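Below is one structure; the comments refer to it alone.
The values are calculated or read from the model by the stated rules, or taken from the named source; none is laboratory data. Given the structure is predicted, the values throughout are model-derived calculations rather than measurements. As a convention, Cβ positions derive from the backbone with ideal geometry for all residues, glycine included, and neighbour counts pool all protein chains shown. Heavy atoms of the whole protein, side chains included, go into the accessibility calculation; ligands, DNA and RNA do not. Shrake-Rupley method; radii C 1.70, N 1.55, O 1.52, S 1.80 Å.
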Amino acid sequence: MINANRLLQRLDELSQIGRNHETGGINRFSFTKEEQQAIDLVIEYMKEAGMQVNVDGIGNIIGSYGDAEETIMLGSHIDTVPDGGKFDGALGVLTAIEVVQTLHENQIPLHKKVEVTAFKDEEGTRFGFGLIGSRAMAGLLKAEQLQKTDDANITIEEAARQFGLSPFPLEKLKRKDIKAYLELHIEQGKVLEKEDLPVGVVTGIAAPLWLEVTVNGISEHAGATPMHIRHDALTAASEMILAVEQSFQTKGDSVGTVGKLQVEPNGVNVIPGKVTFTIDIRDIDEKTIRELEQEVKQQINDIAARRHVTAAVVELQRAKPAKADGALQQQFAASIEKQGIRPYTLVSGAGHDAMNIAAAAPVAMLFVRSRDGISHNPLEYSSDEDIVIAANVLYDTVLEISGKKD
Ligand code: GLV
Ligand code: MN
Ligand code: MN
């Protein structure tokens, strides 16, 4: 059994870092001082758990326990979205550390090395490009992607170097020794709550495609320009945004979201001349994502032509949907059953580092019930009881698959 008090206390302690006391939300973005504080704390926990800690060239924090050749990796992330909750990512890292600390305290000899990774920048908040650490570890990160910039025009490479890291050569970051990757995460949806279950086993992870649309019109005087001769970038963008919403109404489980919008010059009495907005498209099937992308681009072009503005669409990030490994899913289900709980499977609508690691190793995810399904919000919540059950399921699964010596 894991140490519930220690785990819950660490969760609270980590959640104080980057906390906005007005909203209750957490802001920890990659390569910032808040992230560094969180990293320092996580490294401290890893050491207390008996792990050796290494930081790779992109800033993945990797704690290792044992010296066997083959690795079972556990992990998640400690960065957040703007005004994020305290469980998204952090819970997966802290439960993984707790599992190792329990193994260590019980002096359980294992056939496989157990590693815990806090992946660099899963959320993509700072650079509009996320899952950076897991892309690197799976060999999916490309050199040109490190030239993506934040709002202050700092590239990922520059930010990493300012953090004392040397990302190149990227091949060095790739791992080939991972035999299984397990990620515990909050569900961020309402399925487990509806089923009245504390935990569930993930069968597959839907992948995000992020696009950025720039609409260019003409900035003119709001009083002196008659309505019918305007080239208003904001009204055109508004129609595009509604078209995205409209077209996803009939697309089953696919979802489309505009989450970020910038208006220029942003003056009360100026017709907007330039608008930039993002589109987040998700589905469990890669082909469907490509079809949706084409449909959305076509709509944007049609609206731009009709409204006498121009629109350019660039890709910010694309990930591949992933399937969870069957045997690992079964092991999670068996460990859940041992707790007297009905094993239940579900799909992840949210993206996770596991999605990338699936390119390098078999992966599986354990979801913990989220209250009201709320996430990416300070109100995000999972109960202590559910967290402890999930941590014990993870512990049992690690014991089973790491070939506990008798
Ligand atoms: C991460 O939380 C994502 O799914 O965007
Ligand atoms: Mn998230
Ligand atoms: Mn997450």
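What the pair-distance distribution of region 290-400 shows, using all Cα-Cα distances binned every 5 Å from zero, is 2, 9, 14, 15, 15, 12, 9, 7, 6, 5, 3, 2, 0 percent. Taking the DSSP beta bridges with both ends in the chain, the antiparallel portion is around 65 percent. Taken about its Cα centre, the chain carries a charge dipole of roughly 660 debye when the Cβ of each Lys and Arg holds +1 and the Cβ of each Asp and Glu holds -1.
Surface listing: His21, His376, His104, His308 arranged by accessible area from highest to lowest gives His21, His308, His376, His104, probe 1.4 Å. For region 167-174, the Karplus equation 6.51 cos²θ - 1.76 cosθ + 1.60, evaluated at θ = phi - 60°, returns couplings of x, 8, x, 5, 4, 5, 7, 6 Hz by residue, with Gly and Pro reported as x. Volume per residue for region 140-220 equals 218 cubic angstrom (convex hull of Cα atoms).
Using only Cα atoms and rounding to the nearest 10 degrees, what angle (0 to 90) does helix 233-248 make with the longest principal axis of the chain? Taking the Cα atoms of the chain, the angle to 233-248 is about 50 degrees. Within region 148-272, the ratio Rg/Rh, alpha carbon atoms throughout and Rh by Kirkwood, equals 1.11. For region 5-136, what percent of Cα pairs sit more than 27 Å apart? So the pairs more than 27 Å apart make up 17 percent of the total in region 5-136.
If the limit is 30 Å between Cα atoms, which of Lys86/Lys323; Lys194/Lys323; Lys47/Lys176; Lys47/Lys260; Lys251/Lys320 go over it? Table pairs above 30 Å Cα-Cα are Lys47/Lys260.
Ligands, DNA and RNA aside, Val263 has an accessible area near 30 Å² when probed at 1.4 Å. Straight Cα distances below 14 angstrom link Lys297 to the aspartates and glutamates Glu212, Glu239, Glu245, Asp280, Glu315, with same-chain residues fewer than 8 positions distant left out. Surface composition of the chain: carbon plus sulfur atoms contribute 48% of the solvent-accessible area (1.4 Å probe, protein chains only, all chains present). Here is the list for region 116-146: trypsin sites (Lys or Arg not before Pro) lying in DSSP coil, each with at most 11 other C-beta atoms within 10 angstrom of its C-beta, are Lys142. In the frame of its principal axes, region 259-335 has Cα extents of 64, 25, 14 Å, reported largest first.
In a shell of Cβ-Cβ distance under 11 Å around Leu234, excluding Leu234 itself, what net charge do Lys and Arg (+1) and Asp and Glu (-1) give?
Neighbour charge sum, excluding Leu234 itself: 0.
Could you report the chain's accessible area per residue, 1.4 Å probe, as an integer in Å²?
Working: 17570 Å² over 406 residues.
Accessible area per residue: 43 Å².
Exposed loop sites are taken as GluC sites (Glu not before Pro) in a DSSP loop (any state but H, G, I, E or B) with at most 15 other beta carbon atoms within 10 Å; the longest stretch of the chain without one runs 71-406.
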